[in-house]
Amino acid sequence: MRTILSLAAASAILAGSVAYAHHSYAATYDVTHEIKLEGRIVQFVYRNPHSFVHVATNDEKGASQRWAVEWSGTTQLNKAGVDKESLKVGDVVVITARPSRVAGEYRALMLTLKRPSDGFTWGSQGQQVD
Amino acid sequence: MLRASVVGLLGAALLIVPVAAQPPRPANPPDIAGEWTLTNNEEDTTAQPPLGDYLGIPFNAAGRLRSDTTAESIWGTPEYQCRPHSAPHQWRGLGGARILKEQDPLTRDVKAYHIQFMRSLDWPVFMDGRPHPPAWAPHTWTGFSTGQWTGNTLKITTTHLKDGYLKRGGPQTSDMFTMTDYLTRHGDVLTIVTYVDDPVYMEEPYVESTTYTIDLTSNVAMETCNGTAFAENGGTDRHHVPHFLPGQNTALTEWLKKDDWIPVEPTRGGAVTLYPEYHATMNGTSNAAALKVPMSKTSVDGAKSIAEQSPRDGQVHLLPVQGNIYMLIADGTNVTVSMGADGVMLVNTGAAAMSEKVLGAVNQLANQSVTPPVPNSCFGASCPGAWGWASPYMNSIISSPAPPRPIRYIVNTSSAPEHVGGNEKIASAGFFPRGASFGAAVESIGRHASIFAHENVQNRMSSANAPAASQPTDTFFDEFQKLPEYFNGEAVILYSAPTANTDGDSFVYFRHSEVIAAGNLLSSVSYPIIDVAKGGSLQGVIDGLNKILDIAVAEYRGQGGTWVVPGRGRLSDTADVASYRNMLTMIRDRVKDSIAKGMTLAQVKASRPTMDFDPRFGSTTGAWTTDMFVEAVYKSLQERK
């Protein structure tokens, strides 16, 4: 029951805090596709209007690529329990995300983030970028 | 800084614009000041149409293509990350609106309204009858607005707007549109009817209305932007420009899978789709091309408005820029002037036929700069700074003022005739310090201003047998060249832009004034002139613009800050340079794609790879036509294969 109430409360908070991005997510990202990124955080930009997690990954040819994964602004993240100390450079994370509509861009919209080392997660319980 | 610049611009405008008549005193208009909450409009309250939904937008073919090929992730480029919403979208953005009154404390007339939204800059609407700035003044996100009451309705006319979008996520505007808002208060309701008149991308003005309700308890928030200006689009290329090649944006009809009752054709926009007559196309009794509708006409002459940014009127116009720097608009070519205690430096000298008038303008400016009225702040011979028998006040009254400081340097960013034409006459009017007893004895020393340029400028001028006195006296060959010492209190650095318009182009950075003279790399009135035979290339121009963007810094929310004087056209900032760079990158990729497909030059020209930019920058007549530009692009890209 406590879990259900917490989720309901979180949903209410998120619903009440909806503030549409200054750019359009639907126009920027392909919402019909999902990608998975596994790599090391090289930068965590906790800021407004949108935060970003930069992840270094290896592509299929083994070359290192720097991905910029767009996340919510600080107000929304803070309400979801994420602050500027939540992620550190060097953390290994697994991210699922929506890819950019423009082919060849290393840009994506955060769906879920998991840090296997301690089980930290975001997005798996209904949170979404807004 | 922007405020100071605007004040400067207005000062310049007063030099050339007839003094405005006194505005009529307002006849007790309604009070529109307060906090307002967005109530409704013709669309859903998010005002976020699906990608590819141009219903109700009177696009022409160019506007449609521009919108189809512009990617929303353009927001991720460093220059656009902190830009506010474009002006036409502000009334539809979330967060409400605040309207403030700025009143004359004596008469209590409203001098200006200030309108603010969550994602906007302050939007001043001047009510004091002042004129709009000249066409060569900068464009901003908010533009320049004046207002006038007619009965209960406030009419706001806005010019000098940057390019942007009508709505989030797609429909684009050029930077040549004017916006007219009509605000009418009915009790607690405020109705705003907005006309967006874009002669570049629309067949007729776009009209929308929005309703607000007064809300005494609301408080318009301000969305901060503390971006670090990294490339949000990922990867390591900070100059990446996201876009779609024509025909390759497959997302434009995604939304019609759900709303499958809507035919595709009207979703592409166009004036005829806005009129009742269009129904005839639904039952097959007519087709859109054959329809006659009572289309409204644009009130903006696009070609004339563009040309006015760089008037070929045989005159020299002055625009104070920032710090030591002034911009002279000399019969269609810009001359950048540094004016100060050390003297005068010119970046380029204009066409030969204009040199007398350019020199006259420089001398007038020099006289004004070095002999301002001296306020009397001290009496007696012991005053600080006194030199002579009395106070500074007595010196300024009794003795004659010192002559203006001389023209010491000329920098040529190119060997183009319109930039070096005045070299000989203007250089000979100046002098370089002769070094007292060292150089004074040698007749030829110090008789002219020094002329700096890349060595290929001299090579070109020498090959063309240009008069010796017009050729550079100091050249450089490296990536950049610093003047050996401060001039007018600041560092001046010349940057080479190899293989840009030619093999000898450069731009000049005034490091304390924060002004860049871009030469032919940038123009707000034409495509860049690229002389492939002289080593020019499209990629070289793009590289040069990217170098400018690496140096320049916006003042706030992606505008102002480092000002960029183009070779031709209006004063620009980082967002303007980025917009021009974006366009050239899109054209480059289109032509590269065509070359990769094996298309000939004739086929590429027929495909019109510049179609969506032609109404803004193209030309079918004159010395640099669209046809010549496309040919230069094709040849320079083919050489790089």
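The values are calculated or read from the model by the stated rules, or taken from the named source; none is laboratory data. Not measured: the values here are computed from a predicted model. Neighbour counts are summed over all protein chains in view; Cβ atoms, including those assigned to glycine, are modelled from backbone coordinates with ideal geometry.
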Next item on the list: Just give me the residues in the stretch A:116-130 being in contact (Cβ under 8 Å) with a residue 12 or more places away in the chain, under 12 Å from the mean Cα position of the chain (by Cα) and at negative phi, in sequence order.
Entry: A:Trp122, A:Ser124, A:Gln127, A:Gln128, A:Val129, A:Asp130
Next item on the list: Identify, from the list B:Asp188, B:Asp198, B:Asp175, the residue that is out of contact with any Leu (no Cβ under 7 Å at 6 or more places or on another chain), touching a residue at least 24 places away in the same chain (Cβ under 8 Å) and buried (at least 17 other Cβ atoms within 10 Å of the Cβ).
Entry: B:Asp198
Item checked: Filter result (facing chain B (nearest Cβ under 9 Å), assigned to a loop (DSSP other than H, G, I, E, B) and either in contact with a Leu (Cβ under 7 Å, 6 or more places away or on another chain) or without any contact (Cβ under 8 Å) to a residue 24 or more places away in the chain (or both)) within the stretch A:20-46 -> A:Tyr20, A:His23, A:Ser24, A:Thr32
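So that you can scan it fast, the table gives a plain yes or no per residue for (1) modelled with pLDDT of 95 or more; (2) touching a Cys at 6+ places or on another chain (Cβ under 6 Å); (3) over 29 Å from B:Gly52 (Cβ atoms):
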site	(1), (2), (3)
A:Ala27	no, no, no
A:Leu37	yes, no, no
A:His50	no, no, no
A:Asp59	no, no, yes
A:Arg66	no, no, yes
A:Leu87	yes, no, yes
A:Gly90	yes, no, yes
Next item on the list: For the stretch B:273-294, indicate whether the set of residues that are closer than 30 Å to B:Thr39 by Cβ and assigned to a loop (DSSP other than H, G, I, E, B) is non-empty.
Entry: yes
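Where residues in the stretch B:272-315 are of a type in the set (S, T, N, Q) and within 22 Å of B:Gly56 (Cβ to Cβ), which of them is surrounded by the most Cβ atoms within 10 Å (Cβ to Cβ)?
From the stretch B:272-315, those of a type in the set (S, T, N, Q) are B:273, B:281, B:283, B:285-287, B:296, B:298-299, B:305, B:309-310, B:315; that's our starting set.
Next cut, within 22 Å of B:Gly56 (Cβ to Cβ) only: B:273, B:281, B:283, B:286-287, B:296, B:298-299.
Details: B:Thr273: 23, B:Thr281: 19, B:Asn283: 7, B:Ser286: 16, B:Asn287: 11, B:Ser296: 15, B:Thr298: 18, B:Ser299: 11.
Only one residue tops the list, namely B:Thr273.
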Notebook entry, point to check: Any residue at all in the stretch A:106-124 that is within 14 Å of chain B (Cβ to nearest Cβ), in a strand (DSSP E or B) and basic (Lys, Arg)?
Noted result: yes
Notebook entry, point to check: If A:Thr96 satisfies every condition in (1) under 30 Å from B:Thr253 (Cα atoms); (2) within 12 Å of chain B (Cβ to nearest Cβ); (3) surrounded by fewer than 21 Cβ atoms within 10 Å (Cβ to Cβ) but one, which is the exception?
Noted result: (2)
Next item on the list: Give the residue that is farthest from B:Pro205 (Cα to Cα), with candidates limited to residues of the stretch B:262-290 that are modelled with pLDDT of 90 or more, touching an Asp or Glu at 6+ places or on another chain (Cβ under 7 Å) and of a type outside the set (Val, Ile, Thr).
Entry: B:Gly270
Item checked: Positions within the stretch A:64-79 being more than 11 Å from every other protein chain (Cβ to nearest Cβ) and charged (D, E, K, R), in sequence order -> A:Lys79
Notebook entry, point to check: Can you find a residue in the stretch A:52-63 that is under 26 Å from B:Cys225 (Cα atoms), more than 8 Å from chain B (Cβ to nearest Cβ) and touching an Asp or Glu at 6+ places or on another chain (Cβ under 6 Å)?
Noted result: no
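Restricting to the stretch A:47-70, give me the number of residues that are in a loop (DSSP other than H, G, I, E, B), in contact with a strand residue (DSSP E or B) (Cβ under 9 Å, 6 or more places away or on another chain) and in contact (Cβ under 8 Å) with a residue 12 or more places away in the chain.
Taking the stretch A:47-70 and keeping what is in a loop (DSSP other than H, G, I, E, B), we get A:47-51, A:59-63.
If we keep only those that are in contact with a strand residue (DSSP E or B) (Cβ under 9 Å, 6 or more places away or on another chain) as well, we get A:50-51, A:59.
Among the residues that remain, those that are also in contact (Cβ under 8 Å) with a residue 12 or more places away in the chain are: A:50-51.
Count: 2.
Just name the residue that is farthest from the other protein chains (Cβ to nearest Cβ) out of those in the stretch B:186-198 that are acidic (Asp, Glu) and outside any strand (DSSP E or B). It would help to see each step written out before you state the result.
Narrowing the stretch B:186-198 to residues acidic (Asp, Glu): B:188, B:197-198.
Within this subset, residues satisfying the condition of being outside any strand (DSSP E or B) are B:188, B:198.
Values: B:Asp188: 25, B:Asp198: 20 Å.
My answer is B:Asp188.
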Notebook entry, point to check: On the given criteria, is B:His139 surrounded by fewer than 21 Cβ atoms within 10 Å (Cβ to Cβ) and either β-branched (Val, Ile, Thr) or under 20 Å from B:Gly560 (Cα atoms) (or both)?
Noted result: no
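Which one is surrounded by the most Cβ atoms within 10 Å (Cβ to Cβ), of the residues in the stretch B:488-537 that are aliphatic (A, V, I, L, M) and more than 28 Å from B:Glu639 (Cα to Cα)? Write out each step before concluding.
Initially, the stretch B:488-537 is screened for residues aliphatic (A, V, I, L, M), giving B:491-494, B:497, B:500, B:508, B:515-518, B:521-522, B:525, B:529-530, B:532-533.
In the following step, the residues that additionally are more than 28 Å from B:Glu639 (Cα to Cα) were identified as B:491-493, B:508, B:515-517.
Working: B:Ala491: 13, B:Val492: 25, B:Ile493: 17, B:Val508: 25, B:Val515: 26, B:Ile516: 30, B:Ala517: 32.
So the residue we want is B:Ala517.
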Next item on the list: Go through the residues of the stretch B:240-255 one by one and say whether even a single one is of a type outside the set (A, V, I, L, M), without any contact (Cβ under 8 Å) to a residue 12 or more places away in the chain and not in a loop (DSSP other than H, G, I, E, B).
Entry: no
Check: Of the conditions (1) within 14 Å of another protein chain (Cβ to nearest Cβ); (2) surrounded by 14 or more Cβ atoms within 10 Å (Cβ to Cβ); (3) within 14 Å of the chain's Cα centre (by Cα), A:Val82 fails just one. Which one is it?
Finding: (1)
Next item on the list: State whether one or more residues within the stretch B:62-69 are β-branched (Val, Ile, Thr) and buried (at least 20 other Cβ atoms within 10 Å of the Cβ).
Entry: no
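Looking at the stretch A:55-72, which of its residues are at negative phi and surrounded by fewer than 16 Cβ atoms within 10 Å (Cβ to Cβ)? Walk me through how you get there before you give the answer.
The initial filter retains those residues of the stretch A:55-72 that are at negative phi, namely A:55-61, A:63-72.
Residues satisfying the conditions are A:Ala56, A:Asn58, A:Asp59, A:Glu60, A:Lys61, A:Ala63, A:Ser64.
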Check: From the residues in the stretch B:151-164 that are on the phi < 0 side of the Ramachandran plot and surrounded by fewer than 21 Cβ atoms within 10 Å (Cβ to Cβ), which one is farthest from the other protein chains (Cβ to nearest Cβ)?
Finding: B:Asn152
Item checked: Selection from the stretch B:238-254 of residues that are of a type outside the set (S, T, N, Q), over 16 Å from B:Gln81 (Cα atoms) and more than 9 Å from chain A (Cβ to nearest Cβ) -> B:Leu245, B:Pro246, B:Gly247, B:Leu252
Next item on the list: Give the residue that is surrounded by the most Cβ atoms within 10 Å (Cβ to Cβ), with candidates limited to residues of the stretch B:538-559 that are out of contact with any Leu (no Cβ under 8 Å at 6 or more places or on another chain) and in a loop (DSSP other than H, G, I, E, B).
Entry: B:Gly558
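Output the number of residues of the stretch B:199-237 satisfying the condition of being over 21 Å from B:Ile74 (Cα atoms), more than 14 Å from chain A (Cβ to nearest Cβ) and not in a strand (DSSP E or B).
So the first thing to find is which residues in the stretch B:199-237 are over 21 Å from B:Ile74 (Cα atoms), and the list is B:199, B:202-222.
Narrowing further to those that are more than 14 Å from chain A (Cβ to nearest Cβ): B:199, B:202-219.
From what's left, not in a strand (DSSP E or B): B:199, B:203-205, B:215-219.
Looking only at that region, the number is 9.
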Item checked: One residue from B:Gly618, B:Gly561, B:Gly567 being modelled with pLDDT of 95 or more and more than 21 Å from B:Lys304 (Cα to Cα) -> B:Gly561
Margin query: Could you tell me how many of the residues in the stretch A:71-96 are of a type in the set (D, E, K, R) and touching a Phe, Trp or Tyr at 6+ places or on another chain (Cβ under 6 Å)?
Written below: 1
